[in-house]
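Student: The following block contains the structure, expressed as structure tokens.
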Amino acid sequence: MLGQMMHLPLSIIEILRFSAQNHPKAEIVSVRTEGDVHRYTYPDAFKRVAQLASGLKKIGIEPGDRVATLAWNGYRHFELYYAIAGLGAICHTINPRLSSEQMSYITKHAEDKVLCVDLTFVPLIEVLKDQFAEGTIYILMTDRAHMPESKVDFLCYEELLEDEPNDFEWATLSEETAAGLCYTSGTTGNPKGALYSHRSTVLHALTLSVSLAKTVHEGAKILPVVPLFHVNAWGLPYACPLAGASLIFPGPALDGKSIFDLMDREQVSSAWGVPTVWLGLQGEIAVRGRNPEGFTSVIVGGSAVPRSMIEVFEKSGVMVCHAWGMTEMSPIGTHGILSAHHEETMSEEDKLDMKARQGRRAFGVDLKIVDEAGVIQPHDGKAIGELYVRGNTVINGYFRNDEATRTVIDSDGWFATGDVASIDAEGFLTIQDRAKDLIKSGGEWISSIDLENIVMGHPDVANCAVISIAHPKWDERPLLVIVPNGEARVSKDQVDKMLLKQVAKWQLPDAIEFVAQLPLTATGKVSKLTLRQNFKDYKLPDIV
Ligand code: AMP
């Protein structure tokens, strides 16, 4: 027997309509590429989104068209998210840190009709223009006064909105309609597209605002340092208006000082981003000897968060939530918000250990781990296997890429994450490594993440990464690459002593190398692939 309930399609524009009515005082504050700060409310945004939708329609945008963006975190980018989706078109966010080959590949693969760009990227577009499809429409996200001389024929964003009505007749769309497109940065092969729907996006926003209600709530001020060009800034442009939280968009300057000043000025309550960003902020906090005003929580993920980083924040009264997810998962998969009984019964040290793991699944995301033979492993905290996921916010295939899809979707419809993990009886996930980053020594696995997390606790280490080096006897052995914190160079003996408290002797790195900086991927993570290439001819000390 079926229930007798109405079925209204889930729709992205409904989030903003709701927010404009129910949270009229919450703000969107943006550091603009023009150099000043812009602020307005959700009702203002909703009106401008209507104007933008009219403007986009006039230049020929139709349902199903791909409209690409190459832009920082700011209110115009936010407006594009909603106007494009509201028209039934698809907002394709491009990561500006991709190589020009990758950028031209994805714009061709996506068949973008329009490219909306921030002022910063005018020189880039001028160089790359010939690689984009003929007939592409270019929109510059600024006003008439800031339009530069350019050989590219840009339309002016603000002129597109001018004179348009501030209400729009939003069409009713099937909730399965595609709304957003984001390509994974793809360390190997061509980037692959995750195509989000209205349904998956709204469900993700609901899940996020419930799971992380301690941070995303009415009156909160949220800083997404995580970019709008990477997995929809982890869903914040949807979850914040839904919950009534203000959004503080940082624009292009993401160094520790700029972030500190912005947080202090706007009294940001919760800041979201990858660990590398928080290394910068912690450096600035150390210089000033205090936290930014109003700072109460940090949500960090995208790569493993060292326990030492969590400890520094927690000891200064800032709650850390370590989250795990993927572009293919919209992205939130798990989060480390502890339950009341953990808070009440666990020691501070045990809580830190727990927070250094990747947390428990969000509602609607199922997790399983399987061994190399495909056998499902128990959730006992010991068994390790490849992590598979499924849920309404997980892709069921890559955009126009059946070949890649076949390699990631198993016969039961689960998505293979490529991460190797264990899950304990309470459901806490521990990511051991990316499968391709694990080090196989004499048939046993060594987790690079485990070693890195411990070494990061040393005061003379600013950053570090462990990679595998080929070894004639053991197949692979770990090499520790360190970015020193100042002049002092930590010795191999000191590192070994630290590590031996938690790992076995055979897991110790064979050697240490010092570098000025670690190579980063387009999404700000350490690129182990590049690092392995940089050290491909490296000879470990015991090998002649
Ligand atoms: P992306 O699709 O670029 O967001 O990358 C997703 C991948 O980043 C995951 O498959 C993990 O390998 C890694 N990742 C994300 N969050 C974490 C985390 N909290 N700890 C360890 N690895 C993570």
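No value in this document is a laboratory result; all are computed from the given coordinates. Given the structure is predicted, the values throughout are model-derived calculations rather than measurements. All Cβ positions, even for glycine, are placed from backbone atoms using ideal geometry, and neighbour counts span all protein chains on display.
Student: Taking the Cα atoms only, what angle lies between the long axis of helix 256-266 and the longest principal axis of the chain, rounded to 10 degrees?
Tutor: For helix 256-266, the angle is close to 50 degrees.
Student: Kindly list the residues of segment 441-485 that lie in the label zone of residue 494, defined by a backbone N under 17 Å from the point 7 Å along the Cα-to-C-beta vector.
Tutor: 452-465, 480-485
Student: What fraction of the DSSP beta bridges in segment 246-386 is antiparallel, stated in percent and rounded to the nearest 5?
Tutor: 45 percent
Student: Relative to a virtual label point 7 Å from the Cα of residue 342 in the Cα→beta-carbon direction, which members of segment 428-453 show backbone nitrogen distances below 14 Å?
Tutor: Residues 428-431 fall inside that zone.
Student: What is the sum of charges, Lys and Arg at +1 and Asp and Glu at -1, for the other residues whose Cβ falls under 13 Å from the Cβ of residue 454?
Tutor: Surrounding charge for residue 454 is -2.
Student: Shifting gears a bit: If you find the alpha carbon centre of segment 82-118 and of segment 492-519, how far apart are they in angstrom?
Tutor: About 42 Å separates the Cα centre of segment 82-118 from the one of segment 492-519.
Student: In addition: For each of 164, 111, count neighbouring Cβ atoms within 10 Å of the residue's Cβ, then give the residues from fewest to most.
Tutor: Lowest to highest Cβ neighbour count: 111, 164.
Student: Of the DSSP beta bridges with both residues in the chain, give the percent that are antiparallel, rounding to the nearest 5.
Tutor: 55 percent
Student: Okay, next question. How big is D, in µm² s⁻¹, for segment 116-204 by Stokes-Einstein at 25 °C and 0.890 mPa s if Rh is the Kirkwood radius over C-alpha pairs?
Tutor: The estimated diffusion coefficient comes to 151 µm²/s.
Student: Within segment 289-324, which residues have the backbone N less than 12 Å from the label spot 7 Å out from residue 264 along Cα→beta-carbon, could you tell me?
Tutor: 289-294
Student: If each residue's Cβ is checked for other Cβ atoms within 10 Å, how do 30, 100 rank with the fewest at the top?
Tutor: 100, 30
Student: Follow-up. Give, in nm to one decimal, the length gained when the segment between residue 143 and residue 40 is fully stretched (0.36 nm per residue of separation minus the Cα-Cα distance).
Tutor: Additional length available on full extension: 35.4 nm.
Student: Also: Compare the Cα positions of 533, 388, 327 along the charge dipole of the chain (+1 at Cβ of Lys, Arg; -1 at Cβ of Asp, Glu; about the Cα centre) and return the one farthest towards the positive end.
Tutor: So the residue we want is 533.
Student: Nearest 10 degrees, 0 to 90: what angle lies between the long axis of helix 75-86 and the longest principal axis of the chain (Cα atoms)?
Tutor: Around 70 degrees separate the two axes.
Student: Which order do 363, 18 fall in if you start with the one that has the fewest other Cβ atoms within 10 Å?
Tutor: With the fewest neighbours first, 363, 18 line up as 363, 18.
Student: For segment 268-311, which trypsin sites (Lys or Arg not before Pro) are both in a DSSP coil and crowded by at most 12 other Cβ atoms within 10 Å?
Tutor: The qualifying sites are 290.
Student: Can you tell me the equivalent ellipsoid semi-axes for segment 439-534? Use √(5λ) from the Cα gyration tensor, largest first, whole Å.
Tutor: 20, 18, 11
Student: By how many degrees, 0 to 90 and rounded to 10, does the Cα axis of helix 275-288 deviate from the longest principal axis of the chain?
Tutor: Value to nearest ten degrees: 90.
Student: Can you compute the charge dipole magnitude of the chain about its Cα centre, using +1 on each Lys and Arg Cβ and -1 on each Asp and Glu Cβ, nothing else charged? Give it in debye, rounded to the nearest 20.
Tutor: 500 debye
Student: Now, a different point. Ordered by packing density, taken as the mean number of other Cβ atoms within 10 Å over each peptide's residues, highest first, how do 235-247, 333-345, 450-462 rank?
Tutor: 235-247, 450-462, 333-345
Student: While we're here: Which three extents, in angstrom, do the Cα atoms of the chain have along their principal axes, listed largest first?
Tutor: Largest first, the chain extends 72, 64, 51 Å along its Cα principal axes.
Student: Between their Cα atoms, which of 192/351; 47/113; 382/501; 192/368 are more than 26 Å away from each other?
Tutor: 192/351
Student: Provide the FRET efficiency to the nearest 0.05 for the residue 503-residue 287 pair, computing r from the beta carbons and using R0 = 35 Å.
Tutor: Here the calculated transfer efficiency is 0.60.
Student: While we're on this one: Would you kindly state how much longer the chain becomes between residue 514 and residue 475 on full extension, computed as 0.36 nm times their sequence separation minus their alpha carbon distance, in nm to one decimal?
Tutor: Stretched out fully, the residue 514 to residue 475 stretch lengthens by 11.7 nm.
Student: Rounded if a/c is under 1.5, else prolate if a/b is larger than b/c, else oblate: which is segment 12-252, with a ≥ b ≥ c the root eigenvalues of its Cα gyration tensor?
Tutor: The shape class here is rounded.
Student: So, counting K/R as plus one and D/E as minus one, what does the shell of residues with Cβ under 12 Å around residue 325 add up to?
Tutor: -1
Student: Could you list which residues have their amide H under 5 Å from that of residue 89, counting only those 5 or more apart in sequence or on another chain, with H placed in the peptide plane?
Tutor: Those lying under 5 Å, H to H, from residue 89 are 64.
Student: A follow-up question, please. Hey, what did segment 439-534 get for relative contact order, percent, Cα under 8 Å, at least 6 apart?
Tutor: RCO, segment 439-534: 26 percent.
Student: Please compute the net charge surrounding residue 175, taking Lys and Arg as +1 and Asp and Glu as -1 over other residues with Cβ under 13 Å from its Cβ.
Tutor: Once all neighbours under 13 Å are counted, the net charge is -1.
Student: Work out the FRET efficiency for residue 130 and residue 349 from their Cβ-Cβ distance, taking R0 = 56 Å, and round it to the nearest 0.05.
Tutor: Efficiency, from the Cβ-Cβ distance: 0.45.
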